[in-house]
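The values are calculated or read from the model by the stated rules, or taken from the named source; none is laboratory data. Small disclaimer: the values here were computed from a predicted structure and weren't measured. Glycine also receives a Cβ, built like all others from the backbone with ideal geometry; neighbour counts cover every protein chain displayed. Please note that ligands, DNA and RNA were not included when accessible areas were found on the heavy atoms of the full protein model with its side chains. Shrake-Rupley method; radii C 1.70, N 1.55, O 1.52, S 1.80 Å.
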Amino acid sequence: MNTNCPKCGTNYGVTAAHVGRKFKCKSCGSALVVTEDGLDYQPSAAPAVNPHVYAEETTAVATDDRDERDDEVEARPSRGRARTPRRGGGIGDYLTFRKMIVPLVIQIIFWLGVALTVFGGLYALVNAPKNMPAQFYLITLGMIVLGPFLMRMYCELLIVMFRINDTLTDIKNELSRRP
């Protein structure tokens, strides 16, 4: 009997006595049902388990003696070795363009832009000739205050495009894992 979650591989202590029981995986949240072959995805026509009830239902361990806990499935991972999905972050992800580096570059550009606007404004204030009109000082102070804000807005707009790409990639990967 397969006692591992089909999505994340978390091992559960289910037995043949639990056939027909439904619960959510504690690790990944997948709706699972105990079948004769083991754990499987819960059919979409079946009602989802209430997450508030789930926490109470799955804390008890199923025992051989018939008591009120008999209908509950052990939702604590067993000591067995569970398969864990590979997480990204290696150099291979950068070389195959699965992980974008431009958001990091955009953050560096943001901090350089903030430093340039603040220090440039301060430099202009300190080295301004004595006969400069008051508008010059207001514009320079505005550059010091609004410069970082405008840089942040510009960089956030650029990063949003990459976050959309990351989210779409996550959705694509999730859909490809479903049976």
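Key figures for this structure:
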| item | result |
| --- | --- |
| Förster-model FRET efficiency, 35 Å R0, Ala16 and Leu95, C-beta, rounded to 0.05 | 0.15 |
| Separation of alpha-carbon centers, region 2-29 and region 93-166, rounded to whole Å | 50 Å |
| Average accessible surface area per residue within region 83-179, 1.4 Å rolling probe, Å² | 83 Å² |
| Candidate lysines for bridging to Lys26, where Cα separation is under 17 Å - those fewer than 8 sequence places away on the same chain excluded | Lys7 |
